[in-house]
Amino acid sequence: MVRFISCPYGPNITTILSYLPVPPEHQPDAYLNLVPVSGTRYGWSTDGLVSGALGALNYVRLYSIACWCVWTVQPSPLETHVTIDGQAVRFFFNNPASTTVYKVRPWENPDSADNWMSVTTYDKAFILEGRSVNVEFEITGGTVSNLSARVKWARWL
């Protein structure tokens, strides 16, 4: 997004500054906190439940994504699905430990088109952004009593 300000006096610092991009507005964390059904995708939410799902939003920047689950029978894998401008990206962690927080990291998996999630802190910048963005979480198999996630994000309004 770009701001344009008309200036009748020709180019000056005001008109030059007016062409700088407007930063996105930080939004309250989107989160998820529910009892999942294996193989079902759950969207990022304003209230942690399916009822507050945000769905695909326009002009979004993602800063961080983390998810975790509490299980009695281990699921595999724990997945995060991010769709940006129609391009689906899958982040996963096989055999997740119960209550361990897994963070989405922009690492490529040499064995497939998918990306990994990690428990370690990633020391490089993480930004995913697009004109249309959707975030979903999923577990497969096992018995999971709780699936939780948190997304830090901003939006151009």
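Please list the non-local residues whose amide H lies under 5 Å from the amide H of A56, H modeled 1.01 Å from N, same-chain partners needing a gap of 5 or more.
Amide H neighbours of A56, under 5 Å, 5+ apart: none.
In whole Hz, what ³J(HN,Hα) sequence does the range 71-87 give by Karplus (6.51, -1.76, 1.60; θ = phi - 60°), x for Gly and Pro?
10, 10, 10, 4, x, 6, x, 8, 10, 10, 10, 10, 10, 10, 6, x, 9
When you count, for each residue, the other Cβ atoms within 10 Å and take the mean per peptide, how do 40-52, 135-147 rank with the highest first?
Highest mean packing first, the order is 135-147, 40-52.
Taking amide H atoms as placed 1.01 Å from N in the peptide plane, list the residues 5 or more away in sequence, or in a different chain, whose amide H sits under 5 Å from that of A30.
Hits under the 5 Å cutoff: V151, W153.
Taking R0 as 30 Å, what FRET efficiency do you get between R131 and D47 from their Cβ-Cβ distance, rounded to the nearest 0.05?
That pair, R131 with D47, gives E of 0.75.
If you add up the charges near E25, with Lys and Arg at +1 and Asp and Glu at -1, over every other residue whose beta carbon is less than 11 angstrom from its beta carbon, what do you get?
+2
Given H placed on each backbone N at 1.01 Å, which residues far from T40 in sequence or on other chains put an amide H within less than 5 Å of it?
I139
No value in this document is a laboratory result; all are computed from the given coordinates. These figures come from a predicted structure and were not determined experimentally. As a convention, Cβ positions derive from the backbone with ideal geometry for all residues, glycine included, and neighbour counts pool all protein chains shown.
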